[in-house]
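Colleague: Okay, here's the structure, questions in a sec.
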Amino acid sequence: MNQEKFNTISKTLPNSPGIYKYYNNQGDLLYIGKAKNIRKRVSSYFNKTGLSYKTIELVKQIDRIEFTIVKSEHDALLLENSLIKEFKPKYNIDLKDDKTYPYIVIKNERFPRVFLTRRKINDGSEYLGPFTSASKVRDLLLFIKQHIPLRTCSLNLSSSNISKGKFKVCLEYHLGNCKGPCAGLQSEVDYQHGIEQLRHTLKGNLSPILQEYKKILKQYIDELEFEKAAIVQKKIEGLQTYQSNSAVTNYKMVNQDVFASLIHDQAVIVSYLSLRNGSIVNSGVKTFLKKLDESEEEILSQAIVHFQELYSSSEKNLIVPFPIPFGFENYSLTVPKSGEKKKLLDVAITNAQFHLNEWKAKQNLHLSKENHKQNDLLKEVKQSLFLSELPIHIECFDNSNFQGSYPVSAMVCFKDGAPSKKDYRHFNIKTVTGINDFASMKEAVGRRYKRLKDEQQPLPQLVIIDGGKGQLAAAQEAIRELGLSGKLTLVGLAKNVEEVFFTGDKDSLKLGYQTEVLKFLRRIRDEVHRYGVSFHRQKRNAGTIKNELSEIKGIGSKTTEDLLRYFRSVSQVKKASREELEKRVGPKKAQLILNHFQS
């Protein structure tokens, strides 16, 4: 979408909280975002400088903008999260669940069975969880079986079947693991009491169960039923052991959801803990991959909605590693510095760090495989271009100018088949006036390799010149004057027919259009073009600053930068009212600007 079209659309955007959706000209949904102020947020994509390459590519594809207004920032956050999961836009982070988590289900039936399942269906049953470890769920169910007598059979315990005496008690009854509801030996009320104890156990709230067992223990002791008292005493000890193993803080602490995040390159690892009655009753970790320039705060806010929805949590008390400015106005957010809450946050950070280390290990393994592929590709480049050495170091040059003004050159560097951005360079052309692409190329190439020669730095095995025979000849002349002929290979890559030129050869080398070698060379050429255009845009902006606003006496460079950052262009500064200017630079400087443009 061009700026003119956006300027027309922007007037229709509301200054309200909500979500916005970007579509391309084919109607594909590209991106969904949330905003406190939809108009300001969407405008930032089209007016903001210094955007990442991915964001610039997104903006280029936008053809239509839709929006939905909501009442609050939190509503916007929830709606954004829901829509991302439903439509999975290309440029949004991935919010899908990584796997099917295990649940503990309480079946919707008389004398409900309780068991592990990975299928959550809408059958009226109660699903507790999800849990991150199936083995832990099985251990938990075994613990429940030892302390809360519930049936494990799949018999149809209808009132008529029980009254007709269709069933007899099984071994579980004789072992004390079941009270025999199948034979009418346990009432529904008593069974439901056991189910309620199970719910307390899963929430980490064992106090009511312990109190009840202690009453039963006292009763058995008073009645001199010492064998039964010993069984109850073992159950009390088991519950106390379970409680001490799962508790991480004092039991007076309010329920909390704890979140921690760690960022590494394009990955954000988010760890979640659910604290109920002083015990961690649930946990989870997920890796989110950044698609655009999302901040860590933005991704954590999405992760909070994701985890609370996944684990059916409505908890409003959150422990977080840093403030979250958007979407949690009705929550109580704590960023602890010490004490019990800080210990909880440290537990979450430890979990995130462990998974980050695992993620790095997997990435390194993947990188090793990629390096193997890249090495095979470089071998193909060597063979296709008849090089004497494997081109582990490749550099590529491109020129850029605007109607003869602000001529610049750019150079990108690839090492081991991947961009080495710390070695990228740009050149302000100093010795050329007007439009002279050949002379500009000669200057840039000469300056680059003179420096490498003087500093005794290693030379690349392959140098790609973006252009045809003329640009290649100019670059070769610079190499010859430096006495470096034969020490590196120069080739020219023509833009239109994608043919490769060698110095001194009349005919070009035409590689297959779909070959991996030509795709690789085009990728390098596209990268230098992107880098050069970005630098040239900065030069033009700098030139505009110098030619326009810096002529005003009393207006320094910092004020100039502030004005352009806010108004986006000199023409907008000219159109600004006195009130707008005074708000940005004060009345004295505002008067200087007005006097200058009026004269």
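The values are calculated or read from the model by the stated rules, or taken from the named source; none is laboratory data. Because the structure is predicted, anything quoted here is derived from the model rather than measured. FYI the Cβ positions are ideal-geometry reconstructions off the backbone, even for glycines, and counts take in every protein chain you see. Protein only, heavy atoms only, side chains kept; ligands, DNA and RNA dropped before computing areas. Shrake-Rupley method; radii C 1.70, N 1.55, O 1.52, S 1.80 Å.
Colleague: For the stretch 36-47, how many residues meet the condition of being modelled with pLDDT of 90 or more and either over 22 Å from Glu297 (Cα atoms) or touching a strand residue (DSSP E or B) at 6+ places or on another chain (Cβ under 8 Å) (or both)?
Modeller: 3
Colleague: Among all residue pairs at least 6 apart or on different chains, which show Cβ distances below 8 Å where the first residue, located in the stretch 1-28, is in contact (Cβ under 8 Å) with a residue 40 or more places away in the chain and more than 15 Å from Arg41 (Cβ to Cβ) and the second is in a strand (DSSP E or B) and among the acidic types (Asp, Glu)?
Modeller: Close Cβ pairs (under 8 Å, with a partner that is in a strand (DSSP E or B) and among the acidic types (Asp, Glu)) amount to Tyr23/Glu66.
Colleague: Now for a separate question. Residues of the stretch 576-599 being small (Gly, Ala, Ser) and in a helix (DSSP H, G or I), which ones?
Modeller: Taking the stretch 576-599 and keeping what is small (Gly, Ala, Ser), we get 576-577, 586, 590, 599.
Answer for the stretch 576-599, where residues must be small (Gly, Ala, Ser) and in a helix (DSSP H, G or I): Gly586, Ala590.
Colleague: Taking strands (runs of 3 or more DSSP E) that do not extend beyond the stretch 377-476, which have at least 3 residues that are on the phi < 0 side of the Ramachandran plot and buried (at least 21 other Cβ atoms within 10 Å of the Cβ)?
Modeller: 393-402, 405-415, 462-466
Colleague: Within the stretch 153-179, how many residues are touching a Phe, Trp or Tyr at 6+ places or on another chain (Cβ under 8 Å) and closer than 18 Å to Leu198 by Cβ?
Modeller: Residues that pass the stated criteria total 2.
Colleague: So which residues in the stretch 561-588 are open to solvent by 100 Å² or more (accessible area, probe 1.4 Å) and modelled with pLDDT of 75 or more?
Modeller: Tyr566, Lys574, Lys575, Glu579, Lys583, Lys588
Colleague: With the requirement that a residue be open to solvent by 60 Å² or more (accessible area, probe 1.4 Å) and of a type in the set (Ser, Thr, Tyr), what does the stretch 24-71 give you?
Modeller: Across the stretch 24-71, the qualifying residues are Thr49, Tyr53.
Colleague: Still on this structure, please answer the following. Quick one: in the stretch 249-274, which of the residues that are of a type in the set (Val, Ile, Thr) and modelled with pLDDT of 80 or more is surrounded by the fewest Cβ atoms within 10 Å (Cβ to Cβ)?
Modeller: Looking at residues that are of a type in the set (Val, Ile, Thr) and modelled with pLDDT of 80 or more, I get Ile263.
Colleague: Output the residue which, of all residues in the stretch 10-59 that are out of contact with any helix residue (DSSP H, G or I) (no Cβ under 6 Å at 6 or more places or on another chain) and among the β-branched types (Val, Ile, Thr), is nearest to Ile324 (Cα to Cα).
Modeller: Ile38
Colleague: To continue, here is another question. State all residues of the stretch 1-23 that are modelled with pLDDT of 85 or more, surrounded by fewer than 17 Cβ atoms within 10 Å (Cβ to Cβ) and out of contact with any Lys or Arg (no Cβ under 8 Å at 6 or more places or on another chain); if no residue qualifies, say none.
Modeller: The one that is modelled with pLDDT of 85 or more, surrounded by fewer than 17 Cβ atoms within 10 Å (Cβ to Cβ) and out of contact with any Lys or Arg (no Cβ under 8 Å at 6 or more places or on another chain): Ser16.
Colleague: Consider the stretch 156-183. How many of its residues are out of contact with any Cys (no Cβ under 8 Å at 6 or more places or on another chain) and either open to solvent by 50 Å² or more (accessible area, probe 1.4 Å) or more than 17 Å from Pro112 (Cα to Cα) (or both)? Lay out the reasoning, then the answer.
Modeller: Our first condition is that a residue be out of contact with any Cys (no Cβ under 8 Å at 6 or more places or on another chain); within the stretch 156-183, this holds for 156, 158-161, 163-166, 171, 173-177, 179-181, 183.
Still in the list and also either open to solvent by 50 Å² or more (accessible area, probe 1.4 Å) or more than 17 Å from Pro112 (Cα to Cα) (or both): 156, 159-160, 163-166, 171, 173-176, 179.
So the answer is 13.
Colleague: Say we look at the stretch 140-152 and pick out the residues that are without any contact (Cβ under 8 Å) to a residue 40 or more places away in the chain and surrounded by 12 or more Cβ atoms within 10 Å (Cβ to Cβ); which of these is farthest from Lys235 (Cα to Cα)?
Modeller: Filtering the stretch 140-152 for residues that are without any contact (Cβ under 8 Å) to a residue 40 or more places away in the chain and surrounded by 12 or more Cβ atoms within 10 Å (Cβ to Cβ), the one farthest from Lys235 (Cα to Cα) comes out as Thr152.
Colleague: Cβ-Cβ under 7 Å, sequence separation 6+ or interchain: first residue in the stretch 155-167 and of a type in the set (Val, Ile, Thr), partner at pLDDT 90 or above and in a helix (DSSP H, G or I). Which pairs?
Modeller: Ile162/Cys182
Colleague: Identify the single condition in (1) within 30 Å of Ile236 (Cβ to Cβ); (2) loosely packed, with under 14 Cβ neighbours inside 10 Å that Glu86 does not satisfy, given that it satisfies every other one.
Modeller: (1)
Colleague: Quick one: what pairs do we get from the stretch 178-200, first residue hydroxyl-bearing (Ser, Thr, Tyr), second part of a helix (DSSP H, G or I) and surrounded by 15 or more Cβ atoms within 10 Å (Cβ to Cβ), C-beta under 9 Å, 6+ apart or different chains?
Modeller: Hits for this filter: Ser187/Pro181; Tyr191/Pro181.
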